[in-house]
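The block underneath contains the structure these notes are about, expressed in structure tokens.
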Amino acid sequence: MTAAARVDVHSHLLPGLDDGAADWDEALTLARTAVADGTAQLILTPHVYPEVYDNRPETIRGLTAEFQRRLDAAGVPLRVRPGSEVFLVPETARAWRRGELVPLGGEGPYVLVEWNMIALPPYVEGVLFELQAAGAVPVVAHPERYLPVQRRPEWLVPLVERGVWLQITASALLRPRRDPIRRTAEWLVRRGMVHLIGSDAHNAHRPPQLAEAYRELGRLPGGMETLAVVERATAAVLAGERIDLPRPAVRRRRRFWL
Ligand SMILES: [Fe+2]
């Protein structure tokens, strides 16, 4: 992916919907930051969390269209698309089947999901399965931030093997080398388990920047292979089409029968 065509698949720039941008001024300022950093397209993924952030699809799609009009009027060369970051609850697959969730990019099977960072809710694996059975491709947002994943990243291997995608946060690759978030992200990169990269931008402290992380990724073991996967996966998300991607490069423990 050339820098001019870079796509940010995770951001909280739509104002007033969650803990991201507060108003249109901040949204436009962040959009200019993204463009200056080389981003050409950006998917808006406001949190969807029952009773906390009850963001309806029509609200997200309507505000995305308004944001595009404001960007065009201000001469900011950025294309925005709708999406959502869905906090998994036991009813999430039903909401997907009813069309109550905005897929990543606005159309297609990809849905960005997250859950509690501290402890794994017992229903998560079942709901990911249900989403897949309902035709979705779940994309786990920032897997490197979950404490149980930092302790045992192998837990993600069977999920990825059955078709769940992982989206790391760009800034994870720019943390100190021994930081557990960075170490987990690098573990995933080495094993070919990273499919998408996003900024998870919220504000000036968490800005919509990708370029430096892409440069760092190119220097990591497995980084060039990951860049190739990210390019294909990002194109598939924008097209709303399914693709088959390489399986994770994790060696299974062999069993010896005596
Ligand atoms: Fe997010």
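Dimensions of the chain from C-alpha coordinates, computed as largest minus smallest value along each principal axis and given longest first, are 72, 41, 32 Å. Leaving out ligands, DNA and RNA, and with a 1.4 Å probe, what % of the accessible surface on region 3-239 is carbon or sulfur? For region 3-239, the apolar C and S fraction of the accessible surface comes to 52 percent. The residues of region 42-117 have, on average, 43 Å² of accessible surface per residue, using a 1.4 Å probe with all protein chains present. Across all Cα pairs in region 1-112, the calculated P(r) in 10 Å bins from zero up to the longest distance comes to 15, 48, 28, 9, 0 percent per bin. Only helices at least 20 Å long along their axis, Cα-based, and averaging -1.0 or more on Kyte-Doolittle count here, so list those DSSP H runs from the chain. Once both thresholds are applied, what remains is 57-74, 223-239.
Along each principal axis, taking the top coordinate minus the bottom one, the Cα set of region 141-258 gives 60, 36, 24 Å in descending order. Judged by the mean number of other Cβ atoms found within 10 Å, the most tightly packed of the peptides 222-229, 105-112 leads the ranking 105-112, 222-229.
Restricting attention to the chain, close to 5% of DSSP beta bridges with both partner residues there are antiparallel.
Given a 1.4 Å probe and the protein chains as shown, Ser199 ends up with an accessible area of around 10 Å².
The values are calculated or read from the model by the stated rules, or taken from the named source; none is laboratory data. All values derive from a computational prediction rather than experimental measurement. All Cβ positions, glycine included, derive from the backbone under ideal geometry; neighbour counts span all protein chains shown. In case anyone asks, the SASA skips ligands and DNA or RNA and just uses the protein heavy atoms, side chains included. Shrake-Rupley method; radii C 1.70, N 1.55, O 1.52, S 1.80 Å.
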